[in-house]
Amino acid sequence: MKLSKVEKRVMVSQKHAEHGIEHVERLLPYVNLKENQNYLEVGCGNGHTCKYLARKYHLNVTGTDVDPEMIQFAKENIDDIPSIRFLEMDATKMPFEDNEFDIVLSFGVMHHIGHWEKALEEISRVLKPQGFLIFGDLAYSRFTTRIFRPIVKNYGVYTIDDITHCLGINGFEIVHKEGPKGIIMKYYSLVFRKV
């Protein structure tokens with residue numbers, strides 16, 4: 001699902017870029033990071049995190065987003081990064097090979113995807129065995145999920161247990177989990193490893 005104009009304004013702000021970089025840096029110690037690894041960001045938005053990681057850690061970076069306007073924005077100022085590409089695509093049907101990536105990152109994306117289970121299955125398919133998924137997103141309580149799931153079709157309505165269960169049956173284990181932030185919709189940050 002594409003972002004609203006208000007969400008896009010937030011996505012392209014410097015504050016949002018800085019927050020994304022701080023967030024990923026906080027979780028990178030739980031990942032076996034090495035130069036020249038293949039890195040995929042599902043829902044890269046403005047591309048700031050992708051650009052930062054490509055420059056600092058010398059990764060082969062692919063950023064994807066369903067919104068063509070965000071991909072155009074992400075493609076700006078990348079002439080100095082030979083190992084980066086940005087592609088418009090749906091996270092539920094990615095055209096990548098099986099086991100193509102060492103690391104996948106997804107921040108604040110799954111709640112925008114009605115078929116979030118399919119997106120997680122695709123992430124599992126394209127991630128190498130022993131690869132890492134860095135995940136951050138909003139999740140609902142069980143009560144709220146029971147109320148909204150039958151009526152909301154274009155958004156991902158799930159609990160954090162739904163996410164960890166789906167990833168568990170797709171061969172992932174939790175490496176690191178931070179306490180949730182927020183009250184009604186809580187934001188969770190986790191690192192998973194594909195077994």
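The values are calculated or read from the model by the stated rules, or taken from the named source; none is laboratory data. Note that this is a predicted model, so its numbers are computed, not measured. The area values use the complete protein model at the heavy-atom level, side chains included, leaving out ligands, DNA and RNA. Shrake-Rupley method; radii C 1.70, N 1.55, O 1.52, S 1.80 Å.
Key figures for this structure:
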item: Cα centroid of the stretch 130-195 to Cα centroid of the stretch 54-102, whole Å; result: 23
item: Dimensionless Rg/Rh of the stretch 86-195 - Kirkwood Rh, Rg from C-alpha atoms; result: 0.96
item: For the chain, built as a Gaussian network whose Cα springs stay under 10 Å, the top-fluctuating residue of ILE103, ILE174, ILE84; result: ILE174
item: Paired Rg and Dmax values of the stretch 8-82, which use every Cα atom, in angstrom; result: 12.0, 33
item: Accessible surface of the chain [probe 1.4 Å, protein heavy atoms]: carbon and sulfur percent; result: 54
item: Accessible area (Å², per residue) of the stretch 4-98, counting only protein heavy atoms and a probe of 1.4 Å; result: 54
item: Listed residues ASP102, ASP80, ASP90, most fluctuating in the chain (Gaussian network, C-alpha, under 10 Å); result: ASP80
item: Potential lengthening between MET89 and MET185 on full extension [0.36 nm per residue; Cα-Cα distance subtracted]; result: 31.9 nm
item: Stretchable slack from TYR155 to ARG26, in nm (0.36 nm times residue separation minus alpha-carbon distance); result: 43.7 nm
item: Rg over Rh [alpha-carbon atoms, Kirkwood Rh] for the chain; result: 0.94
item: Isotropic mean projected area of the C-alpha convex hull, the stretch 52-129 (nm²); result: 5.5
item: Sequence-separation-based contact order of the stretch 25-71, relative, with Cα cut under 8 Å and 6+ spacing, percent; result: 41
